[in-house]
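Presented below is the structure to which this report refers.
Please treat every number below as a calculation from the coordinates, not as lab data. All figures in this text were calculated on a predicted structure; none of them were measured in a lab. Note that each Cβ is placed from the backbone with ideal geometry, even for glycine, and that neighbours are counted across all protein chains shown.
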Amino acid sequence: MEVAPDLLGCLLTTVAPDGAVTLRLTETEAYCGMDDPASHAYRGPSPRNQVMFGPAGHLYVYFTYGMHYCANAVCGPDGEAGGVLLRAAEVVDNEELARARRPKIRRASGLARGPACLTMTAGIGRDDLGADLCAPESHIRLRPRQHDVTIAAGPRVGVSRAADVPWRFWVDGNPTVSAYKRSPRADLEVERGHI
DNA sequence: GTTGCGATTGGCT
DNA sequence: GCCAATCGCAACC
């Protein structure tokens, strides 16, 4: 959890056959392993989530809604399943390639606005599951931020459980941060809780 | 073996 | 603002 705000402003460079794109992270969301009902790791290790239980600094990629990929930076000690969902970013290098990958997006701020948009623009897919984010020779690298950022925090997006914990972090005022939409299921959970 | 639904997006009303 | 698209996981029967 503590890592999620620290990732804001960090640079994510992905190298693919068609070129390299560098993103600056503007929105992240923490998922805290087996204590977190909203985490994929909540019910223990499985073939799908095993990367989350491995050492920190690797990439956990999952496929959702039959069409989208989302990416997490694994954090926390080996054996504990901590992850930070990369929700949004701004393109800082090779906007031309980023636009080529997302031809229907007009505004630069929309290229990596949302977790699945981010993976599309970065060229991240299933093959990148488990990639080492820290190794210098890795095709996906995460580098520390070079400038301070103003951080805001709030409830997580799109999760049906534990949506009330303020584990979503973003760069305050940044246009690439998606507008907050509360999960309809989260509302159901809240209503249930009050009845 | 079957079923329900998801850490979503983009297009249409 | 609402809804379809589309498939893998995991909870059930």
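Put in line by how crowded their Cβ is, counting other Cβ atoms within 10 Å and starting with the fewest, A:139, A:58 read A:139, A:58. For chain A, averaging the sequence separation of C-alpha pairs within contact (under 8 Å, six or more residues apart) and dividing by the residue count gives a relative contact order of 26 percent. Net charge around residue A:34, counting only other residues with Cβ within less than 10 Å of its Cβ (Lys, Arg = +1; Asp, Glu = -1)? Taking every other residue near residue A:34 into account, the sum is -2.
A Gaussian network model of chain A, with springs between Cα atoms under 10 Å, assigns the largest mean-square fluctuation among A:147, A:40, A:68 to A:147. For region A:1-67, the list of GluC sites (Glu not before Pro) that fall in a loop by DSSP and count at most 16 other C-beta atoms within 10 angstrom reads A:2.
In degrees, nearest 10, range 0 to 90: what is the angle between the Cα axis of helix A:184-194 and the longest Cα principal axis of chain A? Around 20 degrees separate the two axes.
Here is how the number arises for chain A: DSSP H runs of 4 or more residues each give -39500 (n - 2.57), the sum is divided by the residue count, and the result at 222 nm is -4000 deg cm²/dmol.
Scalar couplings 3J(HN,Hα) for region A:106-117, obtained by applying the Karplus form with A = 6.51, B = -1.76, C = 1.60 to θ = phi - 60°, are 8, 7, 4, 5, x, 5, 10, 9, x, x, 6, 4 Hz; x denotes Gly and Pro. Counting neighbouring Cβ atoms within 10 Å and putting the fewest first, the residues A:165, A:15 line up as A:15, A:165. Loop-located chymotrypsin sites (Phe, Trp or Tyr not before Pro) in region A:14-71 (DSSP state other than H, G, I, E, B) with a sparse environment of at most 14 neighbouring Cβ atoms within 10 Å: A:65. The trypsin sites (Lys or Arg not before Pro) of region A:40-142 that meet both conditions, a loop assignment by DSSP and at most 16 other Cβ atoms within 10 Å of the site Cβ, are A:43, A:48, A:104, A:106, A:107.
Viscosity 1.002 mPa s, temperature 20 °C: what is the translational diffusion coefficient of region A:1-153 from Stokes-Einstein with a Kirkwood Rh over Cα pairs, rounded to a whole number of µm²/s?
On the way: Rh = 15.4 Å.
Roughly 139 µm²/s, to the nearest whole number.
Taking the centroid of alpha carbons for each part, region A:55-106 and region A:138-156 are 12 Å apart. Legend: ranking of residues A:119, A:64 from fewest to most surrounding C-beta atoms inside 10 Å; resulting order A:64, A:119.
Electrostatic bookkeeping for residue A:63 treats Lys and Arg as +1 and Asp and Glu as -1; over the other residues with beta carbon under 10 Å from its beta carbon, the sum is +2.
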